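Report on one structure; see the data block that follows.
The values are calculated or read from the model by the stated rules, or taken from the named source; none is laboratory data. Small disclaimer: the values here were computed from a predicted structure and weren't measured. Cβ: placed from backbone, ideal geometry, glycine included. Neighbour counts: every protein chain shown.
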Amino acid sequence: MATARWVGSSLNRKQVSRITVANTWTAGDTYTLTIDNIDFILTIGTLVTTAQVATTIFQALTGTTFTDTTASCTIPVADGGAALIPEFSEFTATNNTASQVDLTGNGSNPAALAGKPFTIVVTGDGTASTGTAAITSITAPTSQFHADQVDNYSGNALPTGGSDTLIFDNGSVDVRWGLDYATTLTAITKYKAYTGNVGLSEVNVDNNSKPYHEYRTTYLTCTGCTTVNLEVGEGPGSGRFKLNTGSAAASAINVFGKGQRIETGVPCILWKGTHASNTVSNIAGDIGIAFFGGETATVATLVTGDGPQSQANTVCGSGCTLTTVTLNGGTQETNSAITTANQNGGSWTHKAGTVTTANILGGFHYPNGVVTYTTLKILGGTFDLSKGNGAVTITNTIQMYKGVVFNDPQGRVTGPVFKLNGCTLAEVTIVVPKDKTYTVS
């Protein structure tokens, strides 16, 4: 078993991709450049030598006035050409030699965008000619931010399959590019002393004037990882750590602390993984599970907080498959079905999905949305429907115990039946609106 420590010490090198124009082109041929399903289409005019076609491509990419005045493109060159598209503005085009156009990545600052890769696909759609303009790699991008660069690890070796451990224990160099290891790891440990950010934002704002939805891999990705320990020890921690552990192995995710959020409203730690036996223990962290729309995660056992004073925060997105969920303290939000929900303290907001069995022993439980509880036992704490909206269905008789609170001032629960266990009506608090009929079993 080997241990790979992230050190982030590689040299930075810009990506260079080359378009080479060849064969016979005809007026009216089209040429399409695509980044992340965004097609920029160029229609060749009457000047059709390979050198002139290369010049026309260069001018379309840079928004330079066409030499061939009969050529046209999706966004007119007078308006800026392809460079007006955010994804196309991240490289510089040069008409370096006859019949060739080089595309060079713009990133050069080691503290910002060094080695930033781009992915562009080109196709020639002309049916009246044999003209081609293939793209090839001249220089592959590398940087101190590349997870797939061996120089960024102690021992100059990438973490490999099956038995390797990956450690982030000091420094502040981000991990941004080449994020997919395509292998299964034994363990990942991230210490709070490492303050870099791992992964990318879902919205790219490297250029604030040209934001776009990120098309590169945004999560540090492996096919499986047995044990993941995050924010261990002392230190300020990280504002972003995004991890996808895939489906090949069950992962035990343990979160011991948190940093300062780098994005408003987005937890510091973002995780997803779909093995049926995954577990998550958020002791004192700030984690979003399948947080963004369209993401999925499977969690057999989820525990938030280590006691009533915990500052842990967990948010589960709508794509989560949850079996047993326990809140001991802190805050928790769930947005999908749960087999068994146990609450001993803290504040829990449930926004969507059926809870088969809910055992409320302490804290505040807030149904916020159209939700169903098949079996609800309020053994302690408060079941509070005052902060949400939408009809709430409680299928079976509500089991209530001495000292508990059932607060439904808007009457969101339709016709509930209460059973008082070992107590009288005077020993519980039930807040309901006027002029409704309730049954006490």
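Within the range 265-282, being crowded, with 18+ Cβ neighbours inside 10 Å and either outside the structural domain of T221 (by TED's automatic domain parsing) or small (G, A, S) (or both) holds for G273, S281.
The rows are residues; the columns are (1) in contact (Cβ under 8 Å) with a residue 40 or more places away in the chain; (2) in a loop (DSSP other than H, G, I, E, B); (3) crowded, with 24+ Cβ neighbours inside 10 Å; (4) touching a strand residue (DSSP E or B) at 6+ places or on another chain (Cβ under 9 Å).
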{"site": "E295", "(1), (2), (3), (4)": "no, yes, no, yes"}
{"site": "T298", "(1), (2), (3), (4)": "no, no, no, yes"}
{"site": "G307", "(1), (2), (3), (4)": "no, yes, no, no"}
{"site": "V315", "(1), (2), (3), (4)": "yes, no, no, yes"}
{"site": "T326", "(1), (2), (3), (4)": "no, no, no, yes"}
{"site": "Q332", "(1), (2), (3), (4)": "no, no, yes, yes"}
{"site": "T339", "(1), (2), (3), (4)": "no, no, no, yes"}
{"site": "N359", "(1), (2), (3), (4)": "no, no, no, yes"}
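Pairs meeting the criteria (first residue in the range 416-438 and touching a residue at least 24 places away in the same chain (Cβ under 8 Å) and of a type in the set (A, V, I, L, M), second residue outside any helix (DSSP H, G or I) and surrounded by fewer than 13 Cβ atoms within 10 Å (Cβ to Cβ), beta carbons under 7 Å, at least 6 apart or on different chains) are V417/T439; V417/S441; V431/P409. Scanning the range 387-429 for residues that are over 19 Å from T372 (Cβ atoms) and either under 41 Å from the mean Cα position of the chain (by Cα) or among the polar types (S, T, N, Q) (or both) turns up V404, V405, P409, N421, T424, T429. Annotation: of all residues in the range 77-100 being out of contact with any strand residue (DSSP E or B) (no Cβ under 6 Å at 6 or more places or on another chain) and over 12 Å from F40 (Cβ atoms), the one that is modelled with the lowest pLDDT is T97.
When the residues of the range 141-167 are narrowed to those that are surrounded by fewer than 20 Cβ atoms within 10 Å (Cβ to Cβ) and charged (D, E, K, R), which ends up farthest from T223 (Cα to Cα)? My answer is D151. Going by what's in this entry, would V255 be described as closer than 22 Å to N12 by Cβ, crowded, with 20+ Cβ neighbours inside 10 Å and among the β-branched types (V, I, T)? Criteria not met by V255. Within the range 187-210, residues that are on the phi < 0 side of the Ramachandran plot and buried (at least 20 other Cβ atoms within 10 Å of the Cβ) have Cβ atoms under 8 Å from residues that are part of a strand (DSSP E or B) and of a type in the set (K, R) in these pairs: V198/K190; V198/K242; L200/K242, counting only partners at least 6 apart in sequence or on another chain.
Just to check your reading of the model, which residue among T382, T372, T356 is more than 26 Å from P308 (Cβ to Cβ) and modelled with pLDDT of 95 or more? Spell out the reasoning first.
Values: T382 fails: more than 26 Å from P308 (Cβ to Cβ); T356 fails: more than 26 Å from P308 (Cβ to Cβ).
Matching residue, one of T382, T372, T356: T372.
Only one of I262, I167 is assigned by TED's automatic domain parsing to the domain that holds G293, under 25 Å from A312 (Cβ atoms) and not in a loop (DSSP other than H, G, I, E, B). Can you tell me which? Break it down into steps so the answer makes sense when it comes.
Values: I262 fails: not in a loop (DSSP other than H, G, I, E, B).
Result of the check over I262, I167: I167.
Taking the condition hydrophobic (A, V, I, L, M, F, W, C), under 24 Å from H213 (Cβ atoms) and buried (at least 18 other Cβ atoms within 10 Å of the Cβ), does A54 pass? I'd like the intermediate steps shown before the answer.
Numbers: hydrophobic (A, V, I, L, M, F, W, C): yes; under 24 Å from H213 (Cβ atoms): no; buried (at least 18 other Cβ atoms within 10 Å of the Cβ): yes.
Here the answer is no, as A54 does not meet what is asked.
Within the group T46, T32, which residue is closer than 20 Å to T74 by Cα and part of a strand (DSSP E or B)? Walk me through it before giving the result.
Details: T46 fails: part of a strand (DSSP E or B).
Residue meeting the stated conditions: T32.
Number of residues in the range 1-29 that are part of a strand (DSSP E or B) and within 28 Å of G196 (Cα to Cα): the value is 6.
Checking A112 against (1) touching a strand residue (DSSP E or B) at 6+ places or on another chain (Cβ under 8 Å); (2) closer than 30 Å to G178 by Cα; (3) among the hydrophobic types (A, V, I, L, M, F, W, C); (4) at pLDDT below 95, only one condition comes out false. Which one? Single failed check for A112: (1). For W6, state whether it is crowded, with 20+ Cβ neighbours inside 10 Å, touching a residue at least 40 places away in the same chain (Cβ under 8 Å) and in the same structural domain as A71 (by TED's automatic domain parsing). Here the answer is no, as W6 does not meet what is asked. When the range 283-293 is examined, which residues are found to be part of a loop (DSSP other than H, G, I, E, B) and either surrounded by 24 or more Cβ atoms within 10 Å (Cβ to Cβ) or free of Cβ contacts under 8 Å to residues at least 60 places away in the same chain (or both)? Result: I283, A284, G285, A290, F291, G293. For the range 238-255, the set of residues classified as within 18 Å of T301 (Cβ to Cβ), in a loop (DSSP other than H, G, I, E, B) and among the small types (G, A, S) consists of S247, A249, A250, S251, listed by residue number.
Just one of the numbered conditions (1) part of a loop (DSSP other than H, G, I, E, B); (2) surrounded by fewer than 23 Cβ atoms within 10 Å (Cβ to Cβ) is not true of I138: (1).
Condition check: over 21 Å from V150 (Cβ atoms), modelled with pLDDT of 95 or more, β-branched (V, I, T) and in the same structural domain as L270 (by TED's automatic domain parsing). Does V175 satisfy that? Against the criterion (over 21 Å from V150 (Cβ atoms), modelled with pLDDT of 95 or more, β-branched (V, I, T) and in the same structural domain as L270 (by TED's automatic domain parsing)), V175 does not qualify.
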